[in-house]
2 protein chains.
Amino acid sequence: MDQTSPTPERTHESVTFAQGLALDCGRSLRSLTVAYRSVGTLNATRSNAILICHALTGDQYVADTNPMTGKPGWWERVVGPGLPIDTDKFFVVCTNVLGGCMGTTGPSSPHDERAPEPWGTNFPAVTINDMVRAQKRFITHLGVEKLFAVIGGSMGGMQALSWAALYPESVFAAVPIAAAAYHSAQNIAFHEIGRQAIAADPLFHDGRYWSHGVTPERGLAVARMTAHITYVSEAALTRKFGRKLQDVANLSALGDRFEVESYLQYQGSSFVRRFDANSYLTITRAMDLFDLAAPHNGVLSSAFSGTRTRFLLVSFSSDWLFPTAQSRSLARALNHVAANVSFVEVESDKGHDAFLLDEPDFHRILRGFLAGCAEHAGLA
Amino acid sequence: MDQTSPTPERTHESVTFAQGLALDCGRSLRSLTVAYRSVGTLNATRSNAILICHALTGDQYVADTNPMTGKPGWWERVVGPGLPIDTDKFFVVCTNVLGGCMGTTGPSSPHDERAPEPWGTNFPAVTINDMVRAQKRFITHLGVEKLFAVIGGSMGGMQALSWAALYPESVFAAVPIAAAAYHSAQNIAFHEIGRQAIAADPLFHDGRYWSHGVTPERGLAVARMTAHITYVSEAALTRKFGRKLQDVANLSALGDRFEVESYLQYQGSSFVRRFDANSYLTITRAMDLFDLAAPHNGVLSSAFSGTRTRFLLVSFSSDWLFPTAQSRSLARALNHVAANVSFVEVESDKGHDAFLLDEPDFHRILRGFLAGCAEHAGLA
């Protein structure tokens, strides 16, 4: 029933499942396509698979060149032969999230009933749990019953937590990095600015921009810029750009710029060429809805009762979007149910994005944790 | 030469100076109008005048009803008979800033050479120092040689600092609240998001929206929302709105909302009815340009060499936009030149906006400082 094929028009490797997917919102998708990349070799017992979960604007191109941008994989310093997530030992797979725009079913996919017209804003609201259910379908398709590890930063960390909560028997180790058990009011507010900026762009056309052959680039760029500021620390912004100021003479209100401004504009404009606005709306909403404790009357530890998964929680000291306190309360909740949990706050002045950057301490910790787990799992 | 009159079409009380104003950017305004409000009585020696400087989106209606919004003055809990800034003792005046949109010369004022067409985006770039020079002109017009105090929060605090640096002999006491000696890279970045959102609004028409009879409301609302999030602490956002979440069923990407989102939208939409977009661009740029140490080869203390002004610096513990560290380095610089300086960090979880809110500790400190200064100034 299932078809494995590169989707022709997109060139992303993907699997399409004829069986639909029931969503948290009560609606169902009639079929499900999951786009993915893998690297390394699955061993005979299928016990060495690591699932990497990407962040909001990430994708499945974790360790090889992204065909849309021509840029290296987003975690090339972490995933590869001899690297902290060692592809000589592990079979590493990453899927584009449900609701995304890199080949997995999302708002730009054909509508269930009105194909070839895309879903657009009619795409159902999805949750982090829904994303994880789609990944589970894919992992099962690979013949993997139990993942050696689920690893992700930011929204990827939310997915790692959701995996451990939904499928405790399928996760030997979980590594939520720069993550939290719920999205804070401030985080929701920053997302809302982005969504409003997109909705305010006249090229958005109430989400039907695809039918006009346009994209709401300016709104999407403002959304990206807003998010970008929250991803870096004040120290990192200052170090990169400082206040190299042009002469105040001839300065106009929208003309000449501080360096930080041109950088932000560049970030915004490169992003709009690769990202679908309706996906941005869908995925930010999924993050905002994330609240692990909610189905357990607000008792976070209950989400992990009886868990045998080994956890490594990592936070970064200058991350003000997902501050250390959030990881610490996760660690407390896990301790409360006697889980096997390590928690490390990495000293860094790079902010939330530190998990993507050159952070030797973090990489050492990750490598050590995985090596220890591999030993316990009989993989070493 | 100078005319004191309520500007007929606006009803704001104002003074128009026939003499122009030379600006930091090298350009000059041919004439200058300063809109203001005052309360209390100037004493015979003209020694009891307090100038209050407003913040980015504030105005001169500090202690009486704002005619545009019908709302109470923005500092009604602080300025009035028997209040911390006691109008039974002091003559309190507040002017709309240069570049503003409440009666003082700004982008919506008639162009020097093309009246009645407004300046729009042709309005020169102004600086905080330029704003202070316009205020000085006005204060001199009142016959006041030396202000008893200059007081302001946020951008108003920048003006208080600029007053003390430009006109040390004209300022007996200065109270910069929740302020800084320069605008940080992060602050500039947040402003840039707002400016880009305004520029991205098709109704902006490259700043000529007035000629189309429209206003770029959506862009301005996104700008305001962005700023608003930076003004409140995470704790304040959470306390006010928490995560009262609607059922995920029927949730659409842009439809139903967390409470924090509807609040932000309300903040954005009420703002656009009273604020001019080109003023927003001009004033945010002035803040971004602020850097007290720059003309002194980066040595902040040199800005205050030999000062005899008494300073009270106030910061709020949860203010992440103008954090305590910024006020502390100001205090250090002032100590370095043996200035008379008090520095207080007020414990508050209300964020940057705390200076506008009910903060009894802050009010007590302000009252005490002014009383002490009044005694030294022979006003008690």
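A short reminder: the numbers here are calculations on the coordinates, not readings from a lab. Quick caveat: nothing in here was measured; it's all calculated off a predicted structure. Cβ atoms come from the backbone with ideal geometry, glycine included; neighbour counts cover every protein chain shown.
Taking only the alpha carbons of the stretch B:123-230, we obtain Rg and Dmax values of 17.3, 48 Å in that order. Tell me, Kirkwood radius of the protein assembly as shown from alpha-carbon pair distances, in Å? Taking the inverse mean of 1/r over all distinct Cα pairs, the protein assembly as shown comes out at 27.9 Å. Rounded to the nearest 0.05, the FRET efficiency derived from the C-beta distance between B:R30 and A:T69 at R0 = 56 Å is 0.65. About its Cα centre, the dipole of the stretch A:3-97 is roughly 180 debye, where the only charges are +1 on Lys and Arg Cβ and -1 on Asp and Glu Cβ.
The stretch between A:A338 and A:Q19 holds 111.1 nm of extra length on full extension. This uses 0.36 nm per residue minus the Cα-Cα distance. Only beta bridges with both residues in the protein assembly as shown are counted; by DSSP, about 40 percent of them are antiparallel. Once you reduce the stretch B:39-86 and the stretch A:281-354 to the center of their Cα atoms, the two points are 47 Å from each other.
About its Cα centre, the dipole of the protein assembly as shown is roughly 300 debye, where the only charges are +1 on Lys and Arg Cβ and -1 on Asp and Glu Cβ. Each stretch of four or more DSSP H residues adds -39500 (n - 2.57); spread over every residue of chain A, this sum gives -10500 deg cm²/dmol at 222 nm. Placing unit charges on each Cβ (+1 for Lys and Arg, -1 for Asp and Glu) gives the protein assembly as shown a dipole about its Cα centre, and among A:Q196, B:L289, A:T215 the Cα reaching farthest toward its positive end belongs to B:L289. Round to a whole angstrom and tell me the spacing of the C-alpha centers of the stretch B:122-174 and the stretch B:196-226. Distance between centres, Cα-based: 30 Å. Reported to two decimal places, what Rg/Rh ratio describes chain B when computed on Cα atoms with Rh from the Kirkwood expression? On the Cα set of chain B, Rg over Rh gives 0.96. For chain A, with only Lys/Arg (+1) and Asp/Glu (-1) charged at the beta-carbon, what is the dipole magnitude about the Cα centre, in debye rounded to 20? My answer is approximately 380 debye. Projecting the Cα atoms of B:F148, A:M68, B:S305 onto the charge dipole of the protein assembly as shown, computed from C-beta unit charges around the Cα centre, puts B:S305 farthest toward the positive end.
For the residue pairs B:K71/B:K350; A:K89/A:K146; A:K71/A:K350; A:K146/A:K350, the C-alpha atoms sit more than 28 angstrom apart in A:K146/A:K350.
If you count the DSSP beta bridges with both ends in chain B, what percent of them are antiparallel, to the nearest 5? In chain B, approximately 40 percent of DSSP beta bridges are antiparallel ones. Ordered by the number of other Cβ atoms lying within 10 Å of each residue's own Cβ, fewest first, B:K89, B:K71 fall into the sequence B:K71, B:K89. Need one word for the stretch A:1-125: rounded, prolate or oblate. Basis is the Cα gyration tensor (sqrt eigenvalues a ≥ b ≥ c); a/c below 1.5 gives rounded, then a/b vs b/c decides. The shape class here is prolate.
With label points defined 7 Å past Cα in the direction of Cβ, position B:R208 shows copy-to-copy spacings of 3.2 nm, given to one decimal and shortest first. Counting, for every residue in B:228-237, the Cβ atoms of other protein chains within 10 Å of its Cβ and taking the mean gives 4. Report the residues of the stretch A:154-176 in range of a label on A:E145: point 7 Å along Cα→C-beta, backbone N strictly under 18 Å from it. Under cut-off, by backbone N: A:167-173.
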